[in-house]
Amino acid sequence: MAIRRILKEGDETLRKISRPVQEIDKRTKQLLDDMAETMYANDGAGLAAPQVGVLRRMVVIDVGEKRGRELLQLINPEIVETEGSMVNAEGCLSIPGRRGTVERPERVVVHALNRKGQMIEVVGTGFLAMALCHEIDHLDGILYTDKMIEDVTDREDV
Ligand code: NI
């Protein structure tokens with residue numbers, strides 16, 4: 001495994017639409033593992049393939065207390081259902097040191113392939129719902145700052 005360089009806001013790649021993964025091969029799995037390692041090394045809760053310069057629809061997420069225990073590696077993820085709404089502060093490894101509030105669904109249902117190519121359903125509420133929406137947005141070239149309600153970088157109470 002290897003830690004990859006994370007592209008920062010301003011890089012054109014972050015604004016492009018990622019293409020679906022057609023075949024899950026050795027390279028796909030290597031990338032998913034590198035993405036997880038890169039996310040953990042940067043103390044993030046999620047990372048999308050375009051953030052490491054690969055325009056393919058893949059995300060990794062871990063919102064667990066014990067890192068590595070709740071790792072999700074999702075291929076071609078799609079939000080198929082949303083419910084409710086909430087406003088929370090978000091950050092992004094491509095926009096270091098900043099935070100802003102965004103409105104997201106309170107609950108989402110996501111369909112994706114796992115690394116074995118099996119169709120899986122992930123139901124996320126709260127922080128996981130936010131992470132799923134945030135990472136899937138990256139696959140469409142969208143950054144949280146595009147949807148930001150308020151910049152809360154300098155606030156400690158949000
Ligand atoms: Ni992000």
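Values in this text are rule-based calculations from the coordinates and carry no lab data. Keep in mind that this is a model prediction, so the values were computed, not measured. Methodologically, a virtual Cβ is constructed for each residue, glycine included, from the backbone with ideal geometry; neighbour enumeration extends over all protein chains shown.
Return a whole-number percent for the relative contact order of the chain, with Cα pairs under 8 Å and 6 or more residues apart as the contact set. Before the final figure, lay out the partial values.
Values: 331 pairs, mean separation 37.4, N = 158.
With pairs under 8 Å counted, the relative contact order is 24 percent.
Using only the alpha-carbon atoms, how far is helix 127-138 inclined from the longest principal axis of the chain? Give it as 0 to 90 degrees, nearest 10.
70 degrees
What's the center-to-center distance, using Cα atoms, between region 105-130 and region 1-31 in Å?
So the two Cα centres are separated by 19 Å.
By counting other Cβ atoms within 10 Å of each Cβ, how are GLU37, GLU156, GLU103 ranked from fewest to most?
Values: GLU37 17, GLU156 5, GLU103 12.
So the ranking, lowest neighbour count to highest, is GLU156, GLU103, GLU37.
Please arrange LEU47, LEU139 by counting, for each residue, the other beta carbons lying within 10 Å of its beta carbon, fewest first. Spell out each step's value before the answer.
On the way: LEU47 28, LEU139 23.
Going from least to most buried by this count: LEU139, LEU47.
Would you mind estimating how fast the chain diffuses translationally, via Stokes-Einstein at 10 °C and 1.306 mPa s with the Kirkwood radius over Cα pairs, in µm²/s? Before the final figure, lay out each step's value.
On the way: Rh = 15.6 Å.
Estimated via Stokes-Einstein, D reaches 102 µm²/s.
For region 44-51, just list the computed ³J(HN,Hα) in residue order, Karplus coefficients 6.51, -1.76 and 1.60, θ = phi - 60°, integers in Hz, with x standing in for Gly and Pro.
Karplus values, whole Hz, x for Gly and Pro: x, 9, x, 7, 10, 3, x, 5.
How much length is gained on full extension from ILE3 to GLU70, taking 0.36 nm per residue of separation minus their Cα-Cα distance?
Numbers: separation 67, 0.36 × 67 = 24.12 nm, distance 1.93 nm.
So the chain would gain 22.2 nm between ILE3 and GLU70.
Which order do THR28, THR13 fall in if you start with the one that has the fewest other Cβ atoms within 10 Å?
On the way: THR28 21, THR13 15.
Ranking THR28, THR13 by Cβ neighbours within 10 Å, fewest first, gives THR13, THR28.
Taking the Cα centre as origin and putting +1 on Lys and Arg beta-carbons and -1 on Asp and Glu beta-carbons, what dipole magnitude results for region 28-158, to the nearest 20 debye? Display every interim value, and only then the final one.
Values: 14 positive and 23 negative charges, 112 e Å.
The calculated dipole for region 28-158 is roughly 540 debye.
Find the lysine pairs in the chain meeting two conditions, Cα atoms under 26 Å apart and a separation of 8 or more places or different chains, and report how many there are.
Summing the qualifying lysine pairs gives 10.
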